[in-house]
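To start, the structure itself, in structure tokens.
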Amino acid sequence: MLLACAQQITGINAIYFYAPTIFEQSGVGTNAAFAQAALIGLINVLFTIVAMGLIDKVGRKPLLLIGLTGVAISMSLCAWEFKQAHYKIENAAIFEELNIPAPMNLVGVTFNSDTEFKQALRIELGDLAAKDYEAKLISNAIQFNAKLFLFGILLFVASFAVSLGPVMWVLLPEIFPNHLRGVGMALTGLVNSAVSFSVQLVFPWELSQLGAALTFFIYGAFALLGCILVARYLPETKGKSLEELEATFIK
């Protein structure tokens with residue numbers, strides 16, 4: 001159950017499904033956002049292949065520890081980038097493009113966080129207009145190192161794809177005893193799907209209410225916790241038969 005939760009609670013499916021939105025809000029623009037979302041898929045495939053080649057050489061547990069460490073580092077990097085970001089609409093041209101009046105309390109004013117900027121949008125534009133134009137205005141206003149943020153996201157995907165993604169589905173059938181394997185895998189799949197659904201459901205709210213920095217920090221913290229628990233409690237199954245593993249766990 002630990003792995004079933006850890007695989008999803010680090011935010012992988014939220015990153016996949018909301019990648020264009022995340023990149024657009026990082027200031028790269030809509031077209032670049034979709035291109036970088038496609039790059040995420042490519043990185044995922046490549047590092048899954050790497051995991052397939054390493055899983056019987058390196059072992060399940062080392063790959064998980066490497067991957068979870070990478071996830072924690074990458075999410076911390078993304079959180080730090082958004083923490084350093086500033087938001088400033090330099091001129092009123094963006095409002096003319098959107099065909100809305102330019103609030104003078106927004107133009108030329110520097111905001112120190114995305115939550116502060118979003119709050120100002122709601123105050124000046126109203127809730128409905130702020131929701132409609134938020135992504136475009138954030139993309140225009142944000143000032144931070146978008147390339148470093150992209151590196152953090154790609155490192156996250158690579159770390160996940162080389163560890164939690166494929167390794168969990170190899171490791172869990174080896175851990176469950178023969179007579180419980182079917183039920184155990186079904187229950188694992190249920191927990192995995194439930195956590196995935198919850199993460200995706202909450203993710204937009206987290207971005208809106210907590211801000212990107214805290215959201216990514218939370219995912220990094222979950223990865224670090226998972227790394228500690230895997231190091232402490234998860235056995236290595238490489239090179240052992242199912243019968244040997246069952247005898248070990250029964251003891």
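Each value in this text was obtained by applying a stated rule to the coordinates, not by laboratory testing. Remember, it's a predicted structure, so these values are computed and weren't measured experimentally. Every residue, glycine among them, receives a Cβ derived from its backbone with ideal geometry; neighbour counts consider all protein chains shown.
You can think of it this way: the chain between LYS57 and LEU210 has 50.9 nm of extra reach, that is 0.36 nm per residue less the Cα-Cα gap. Hydrophobic, long helices, defined as DSSP H runs whose alpha-carbon span along the helix axis is 15 Å or greater and whose mean Kyte-Doolittle value is at least 0.0, occur in the chain at 12-25, 30-54, 60-84, 146-161, 164-175, 181-205, 212-233.
Work out the length of the dipole vector of segment 86-143 about its Cα centre, built from +1 on the beta-carbon of each Lys and Arg and -1 on the beta-carbon of each Asp and Glu, and round it to the nearest 20 debye. Let's see the in-between values first.
Working: 5 positive and 9 negative charges, 18 e Å.
So the magnitude is around 80 debye.
The ratio of the alpha-carbon radius of gyration of segment 119-251 to the globular-protein estimate 2.2 N^0.38 Å is 1.49.
Just order 75-86, 197-208, 110-121, 150-161 by mean Cβ neighbour count inside 10 Å, highest at the front, would you? It would help to have the intermediate numbers written out before the result.
Numbers: 75-86: 20.4, 197-208: 15.3, 110-121: 18.2, 150-161: 22.3.
With the highest mean Cβ count within 10 Å placed first, the list reads 150-161, 75-86, 110-121, 197-208.
Here each label is just a point 7 Å from Cα along the line to Cβ, and for GLN143 and LEU190 those points are 5.3 nm apart.
For the chain, the mean residue ellipticity at 222 nm estimated from helices alone is -25000 deg cm²/dmol, where every DSSP H run of n ≥ 4 contributes -39500 (n - 2.57) and the total is divided by all residues, rounded to the nearest 500. Within segment 4-150, how many Lys pairs that are eight or more residues apart, or on different chains, come under 30 Å at the alpha-carbon? Eligible lysine pairs with Cα atoms under 30 Å apart amount to 13.
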